[in-house]
Every structure is written in C-alpha cells, then in structure tokens.
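A quick write-up on the structure given underneath.
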Amino acid sequence: MSSNLRIDGARLVSRLAALSTIGATPEGGCRRLALSDEDRQGRDWLVAEMKALGLDVKVDAIGNIVGILKGREEGPAVVMGSHIDTVGTGGRFDGALGVIAGVEVLATLRDAGLTPKRDMAVIAFTNEEGARFHPDMLGSYVWAGGMSVAAAHAELDADGAVLGTELKRIGYEGPERPGFLPAHAYLELHIEQGPVLESEGGGLGAVTGIQGICWLELTLKGRPSHAGTTPMIYRKDPGLAAARINIFANELTKTIPGQLANCGVIRVQPANVNVVPETVVMTLDLRNPLDAPLATTEAAIRTFCAELSDREGIEITFRDLARFPATPFAEELIAGVEQSAAELGLPIRRMISGAGHDAQMMSRLCPTAMVFIPSIGGLSHNPAELSTDADMAAGANVLLSAAWRAANAQ
C-alpha cells in the first residue's frame, strides 16, 4: 500500500451523518435501541452501503452483519467492527464510528485497486450496549462462543419482548453460524467516551486492554407502610437501604485503587410520595482494570448487604446482569497501532479502556487492539457526544494502516 493512501475524510463524515439521521432525536443525538424499528432501518442502510462496495454481506443467527472483502489467499480474516445500536439517550458516534470507519477502509482499498493478502471484513455486532437486552456486548459474546444462540434468543427486555422474536420481526435472524469467519486479528476504532485524551493534550489512544466489568441487579423487599403514621424506628424501608448500598459502593472507590462504581437504575414500588416502599430494584455497575480488586469490591458489597439485611429487616437478593474479566490486548497489534500513528505523524499514547467494547469479546478468538479518538468534553451516552472531523479521519487512517499491515503480514 502506498504510504500516501488515506481514507476520504469527507466521505467518512458524510456516511456517519447519513446513519445519524436514522433514530435522530430532537437533542441532536440518536436512539437506535437494539432490534427496534430504528435499528432495522440502520441495518438496512448499512447492508446497502456494504453491497454497493461489492462486499460479500452475510448475517448470522444473532443478527451480526458481516461485510467481507476477499483477499488473495484463503485463511482467517483481519476483522474491523463495532456496533450501530445506541442507548436510549445516545449520541451519533458511539459504536457507529467504528463500523463506518471499517467500511471506509474497505472502500479506500477498493478505490485504490488494492487486494489484501488476507480477507478483510467489517462486523456490526448486535446489542453491544445492553440497553435493551442483557448482557451488553451480546452479539460479539455469542460470536466468540461465550453464550449460545438459544440462550441469547431467550433474553427478555424490560417490557417482556423476546430477543429471538424481535430478531425475526426486523428480518435479521440470518442463516450463518456466529463465528463463521475465522479471525487473524481484530481492530476497533472508537471514541474514547471519557475526558482523558482531550484533557491531556489531544492525540489518539492505543488501547492496551479493557477493565473488568461486574453488573449486578439487587432486589430489596421491605414492608409498605404509611409515611405519615409509621415512626422511623418501625419501618422496613428498602428505599433507605438502597441509598445506603449506593453510598457504600461509592465509598469503596476511595480505598480500592482503580475502582469505579455506579448505580444507574432505581425502581421503587409502589412509587407514591406518602408510602414507604415495599420493593426497590437497583443496579450496580462495578469496574476495575484488575480482576482481584474488582472481586474484593463485590465481596465487600455482598457482606455489607447481608449485614444491612439483618439489621434493617430487608430481604436482599442478587442477580448477575453481566460479568466479564479484565481483558489485555495483544502487544504486537498495540505496537502496530503505535507504528501506524507514528508513520502518519499523529501523537498517540497508551491507555486502558474504561468502557466495555466488542473487542473485549473478540480477544477470546484472536489478537485484538483498539484505537481511541478524543471525545469533546468527555461526553458519551449523551446526545451532545461529539468528536471532530479531523480526529475521526486521523483515527480511521490509523485503522487503515494497522489493518492493512495485519492483513499482509507473514
């Protein structure tokens, strides 16, 4: 490949803008929940773009969309990818940039008349966000063999809709077996979704791995009673217990290095201003770059809950929503990302990913690495999520160079 070959930055931005109109929200963001009508429209658009490039487009049984550029030799492919589903109040760049950049890499190679030694492919994975169906990164998890198709198809959303039924409804239960395309390497371009790159001078990130993730759902059952007539000492209040658990989890982050904690959902029943609730369902999102301190955090929370239950007379039960170990990426691919950035004259630093990504699942199958670009204001999962056109083009050019290098290596 010529050292002067670059992606068409304007075309990358145009493609991303076109996808952003599907599920667009008044605030300027996107809402394409997995397997919704908007997701179907986004999928249809993506498949049309892939076919227009002459890619061999396939869909597997969990709805992962794969566009393949044939290489000169048979064998495992160099795969790029991410997702196009969003959270309920999502932005335009999370996930979508990685898919569109992968498409742009293959378009650039086709325009230049270049054929790689190995097959190259782009995958748009199903339900990466976990905003509608659990677990997050579901499509890549199934692709990597961590979850069966049958188990994934049986997952329910908050309204009781069945994943397999929704997949059929939108027409994306494909005939292929998940994982049908063996991978030589996997590369993913993504917005950082945090403030580090922008706050520390810009440039790109060569991602060294992904934090361990533990998502827990806690159900707390107390005794409903009148808020005006029941003295405090006689209450069995799951709402108060939930608040104490949230505070305890956050206090742990001050003493356990690298630990993060978040309570993103609290559902109270009955939800009346003058009734001590009977039931609270809450979630905890626990993350750490290392598995051992993450396990220490979870154990401490479970012990605290057991003591709280005994003391306050509240029944507390736990359910796992997602559990993924910390994931180191492949040194040779990380170095390849750094080399590509250096050749392009782009500043880059090594960094850990705070968020989970499909790369986390793909690392089970092949050497994996990621490229981060800055997120303005550190915003993501927010309609105001934004990255500059220049940063998107820079990241896509690093992806092009690193993927081409991997596709032609001995």
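The values are calculated or read from the model by the stated rules, or taken from the named source; none is laboratory data. Quick caveat: nothing in here was measured; it's all calculated off a predicted structure. All Cβ positions, even for glycine, are placed from backbone atoms using ideal geometry, and neighbour counts span all protein chains on display. Note: accessible area is taken over every heavy atom of the protein model, side chains too, but ligands, DNA and RNA are not part of it. Shrake-Rupley method; radii C 1.70, N 1.55, O 1.52, S 1.80 Å.
Given 10 °C and 1.306 mPa s, compute D for the chain with the Stokes-Einstein relation, Rh being the Kirkwood radius over Cα pairs; round to the nearest whole µm²/s.
The estimated diffusion coefficient comes to 71 µm²/s.
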Query raised in the report: All other residues with a Cβ under 11 Å from the Cβ of residue 28 taken together, and with Lys, Arg as +1 and Asp, Glu as -1, what is their net charge?
Result: -1
Query raised in the report: Once the Cα atoms of helix 96-111 and of the chain are each reduced to a long axis, what angle between those two axes, in degrees from 0 to 90 to the nearest 10, is obtained?
Result: 10 degrees
Requested in this report: For segment 205-211, just list the computed ³J(HN,Hα) in residue order, Karplus coefficients 6.51, -1.76 and 1.60, θ = phi - 60°, integers in Hz, with x standing in for Gly and Pro.
Outcome: x, 9, 7, 8, x, 10, 4
**Report entry** J(HN,Hα) series, segment 336-348, from Karplus relation 6.51 cos²θ - 1.76 cosθ + 1.60, nearest Hz, glycine and proline x
**Finding:** x, 4, 4, 5, 4, 4, 4, 5, 8, x, 10, x, 8
Requested in this report: Would you please give the residues with an amide H less than 5 Å from that of residue 53, counting only those at least 5 places away or on a separate chain, with H modeled from the backbone geometry?
Outcome: none
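Tell me, what is the FRET efficiency for residue 272 and residue 89 to the nearest 0.05, using R0 = 25 angstrom and their Cβ-Cβ distance as r?
Given R0 = 25 Å and the Cβ-Cβ separation, E is 0.40.
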**Report entry** Gyration tensor (alpha-carbon) shape descriptor, segment 55-112, a/c threshold 1.5
**Finding:** oblate
Query raised in the report: Counting Lys +1, Arg +1, Asp -1, Glu -1, what net charge surrounds residue 18 among other residues with beta carbon under 13 Å of its beta carbon?
Result: 0
Requested in this report: Please give the helix 238-252 orientation as an angle from the longest Cα principal axis of the chain, in degrees from 0 to 90, rounded to the nearest 10.
Outcome: 50 degrees
**Report entry** segment 285-410: projected area of the alpha-carbon convex hull, averaged over directions, in nm²
**Finding:** 11.0 nm²
Query - Cut-off under 5 Å, modelled amide H: who pairs with residue 192 long-range - result: 373, 375
Query - Cα gyration tensor shape of segment 148-199, rounded if a/c is under 1.5, else prolate or oblate by comparing a/b with b/c - result: oblate
Requested in this report: Can you pull the one-decimal nm distance between simple spin-label points at residue 317 and residue 349, each 7 Å off the Cα toward Cβ?
Outcome: 4.7 nm
Query - Evaluated at q = 0.17, 0.19, 0.27 Å⁻¹: base-10 log I(q)/I(0), Debye formula over Cα of segment 278-331 - result: -0.66, -0.78, -1.19
Query raised in the report: Over the heavy atoms of residue 86, what accessible area does a 1.4 Å probe trace out, to the nearest 10 Å²?
Result: 10 Å²
Report task. Give the ranking of 363, 140 by solvent-accessible surface, highest area first, calculated with a 1.4 Å probe. Result -> 363, 140
**Report entry** Sequence-distant lysines (8 or more away, or on other chains) whose Cα lies within less than 17 Å of residue 51
**Finding:** 70
Query - Extension gain, residue 159 back to residue 180 (0.36 nm per residue minus Cα-Cα distance, nm) - result: 4.4 nm
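Å³ per residue of the Cα convex hull, for segment 1-150? Can you show the working numbers first?
Numbers: hull volume 16.4 nm³, N = 150.
Looking at segment 1-150, the number lands at 109 Å³ per residue.
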Requested in this report: Calculate what fraction, in whole %, of the accessible area of the chain sits on carbon and sulfur atoms when a 1.4 Å probe is rolled over the protein chains.
Outcome: 54 percent
**Report entry** Extended-chain gain in nm, criterion 0.36 nm per residue less alpha-carbon gap, residue 72 and residue 223
**Finding:** 47.5 nm
Query raised in the report: P(r) of segment 165-258 in 5 Å steps, Cα pairs, percent per bin?
Result: 2, 7, 9, 9, 9, 12, 11, 11, 12, 8, 5, 3, 1, 0
**Report entry** residue 388-residue 115 FRET efficiency (beta carbon distance; Förster radius 41 Å; 0.05 resolution)
**Finding:** 0.80
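Calculate how many DSSP beta bridges within the chain are antiparallel, expressed in % of all such bridges and rounded to the nearest 5.
65 percent
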Query raised in the report: Which whole-Hz ³J(HN,Hα) couplings does segment 271-286 yield from phi under the Karplus relation 6.51 cos²θ - 1.76 cosθ + 1.60, θ = phi - 60°, glycine and proline marked x?
Result: 8, 10, 5, 10, 10, 5, x, 8, 9, 10, 10, 9, 10, 10, 10, 10
Report task. Please give the contour-minus-distance gain from residue 45 to residue 279: 0.36 nm per residue of separation, less the Cα-Cα distance, rounded to one decimal in nm. Result -> 79.9 nm
**Report entry** Net charge of Cβ neighbours under 12 Å - reference residue 337; Lys, Arg +1; Asp, Glu -1
**Finding:** -2
Query - Under-5 Å amide H pairs with residue 31, H placed in peptide plane, nonlocal only - result: 24, 25
Query raised in the report: In square angstrom, what is the accessible area per residue of the chain with a 1.4 angstrom probe?
Result: 40 Å²
Report summary line: Rg (one decimal) and Dmax (whole number) from the Cα set of segment 83-204, in Å, equal 16.8, 49
